[in-house]
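See structure below.
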Amino acid sequence: MNSLPFANAGRWWQFKMTFDINKYLVPLDVIDHSRVLSTWRWLIGAKSIVALTKSGDALLKDENESLFFLDVGGGTLEFIAESFYDFFEENLSYEQTEELLLPILVDKLELHGIVLKPGQVYSYRLLPIASGTYDEKNMFALDLYEHFGVTGEIHFQLKGLPDGTRIEFKGETTIKFEGDNEK
C-alpha cells in the first residue's frame, strides 16, 4: 500500500533533471575530425563525429543518423539512439546523458585544478580497461589528438585478447603480451 497521498495523482509532481550539455563538450569548430578518429576506424567504420566530450569520449553518427557512443577508456562502441538529434534535443534520459558526459567527474577534475585548455580532453595515466580509475589521481589534461590516437592504437592491439590476459605497457603505445619475446 502506498502511503503518499499524491503518488497516484498523476505526473504533476515529477520533474525533469537537466544540465547544460555544452559545458561538458569540446568545441568542434577547429577540430580535424578524420585525424581524431583515424586510429579508431577498425572499430567505428565510417561513422562521423557528432560531439567530443571533455571526459575524452566521442558521440558518433552513422549513415542512418543513429547515435553511437565511443567509450575510449573501455575501447567499446555502443548504440545509443535511432537519431543523434535525440542527444541535442535532450530526448535521452538524464541518466543516459550523465553516463555519456560524466559531468560529476569533469566538475571534480576542475575543482582539483585540472582544467582543460582549448584542444584538450581528459585522458588516463592507466586506461580503465587495465584497472585505471575515473578520478583526479588517474586523469589529466591531454591534447585531444594524442588522446584519441594513442588510445585507439592501444585498443587495436588489445582487441581479440581474452579477458584476464596479462599485458605490459612499454613506451607510449607498444604493448607486450605475456609470452611475447622482446624485440
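The values are calculated or read from the model by the stated rules, or taken from the named source; none is laboratory data. For clarity, every value in this text was computed on a predicted model and none was experimentally measured. A quick note on method: Cβ atoms are made from the backbone with ideal geometry, for glycine too, and the neighbour counts reach across all protein chains shown.
Filtered by the rule that a residue be among the small types (Gly, Ala, Ser) and over 14 Å from the mean Cα position of the chain (by Cα), region 34-89 gives Ser34, Ser38, Gly45, Ala46, Ser48, Ser66, Ala81, Ser83.
Residues are listed down the side, and each one gets a yes or a no for (1) among the β-branched types (Val, Ile, Thr); (2) modelled with pLDDT of 95 or more; (3) in contact with a strand residue (DSSP E or B) (Cβ under 6 Å, 6 or more places away or on another chain):
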position	(1), (2), (3)
Ile80	yes, yes, yes
Phe84	no, yes, yes
Asn91	no, no, no
Glu95	no, no, no
Leu102	no, yes, no
Glu110	no, yes, no
Lys117	no, yes, no
Leu127	no, no, no
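Is it true that some residue in region 48-60 is under 16 Å from Tyr122 (Cα atoms), among the acidic types (Asp, Glu) and in contact (Cβ under 8 Å) with a residue 40 or more places away in the chain? The answer is yes, given that some residue of region 48-60 is under 16 Å from Tyr122 (Cα atoms), among the acidic types (Asp, Glu) and in contact (Cβ under 8 Å) with a residue 40 or more places away in the chain.
Take region 86-97 and flag every residue that is in a helix (DSSP H, G or I) and touching a residue at least 60 places away in the same chain (Cβ under 8 Å). Spell out the reasoning first.
Taking region 86-97 and keeping what is in a helix (DSSP H, G or I), we get 86-88, 94-97.
Answer for region 86-97, where residues must be in a helix (DSSP H, G or I) and touching a residue at least 60 places away in the same chain (Cβ under 8 Å): Phe87, Phe88, Tyr94, Thr97.
Leu102 meets all of the listed conditions (1) aliphatic (A, V, I, L, M); (2) in contact with a Pro (Cβ under 9 Å, 6 or more places away or on another chain); (3) on the phi > 0 side of the Ramachandran plot but one, namely (2). In region 136-182, what residues are at pLDDT 95 or above, part of a loop (DSSP other than H, G, I, E, B), surrounded by 13 or more Cβ atoms within 10 Å (Cβ to Cβ) and of a type outside the set (Asp, Glu)? The answer is Asn138, and nothing else.
Condition (residue is touching a Leu at 6+ places or on another chain (Cβ under 9 Å), closer than 15 Å to Thr151 by Cβ and among the hydroxyl-bearing types (Ser, Thr, Tyr)) applied to region 68-79: is it met by at least one residue? Scanning region 68-79 turns up at least one residue that is touching a Leu at 6+ places or on another chain (Cβ under 9 Å), closer than 15 Å to Thr151 by Cβ and among the hydroxyl-bearing types (Ser, Thr, Tyr).
Can you say whether Lys108 is touching a residue at least 12 places away in the same chain (Cβ under 8 Å), outside any loop (DSSP other than H, G, I, E, B), of a type outside the set (A, V, I, L, M) and at negative phi, as far as the supplied structure shows? Step through it out loud before you land on a result.
Details: touching a residue at least 12 places away in the same chain (Cβ under 8 Å): yes; outside any loop (DSSP other than H, G, I, E, B): yes; of a type outside the set (A, V, I, L, M): yes; at negative phi: yes.
Considered against the rule, which asks whether it is touching a residue at least 12 places away in the same chain (Cβ under 8 Å), outside any loop (DSSP other than H, G, I, E, B), of a type outside the set (A, V, I, L, M) and at negative phi, Lys108 comes out as yes.
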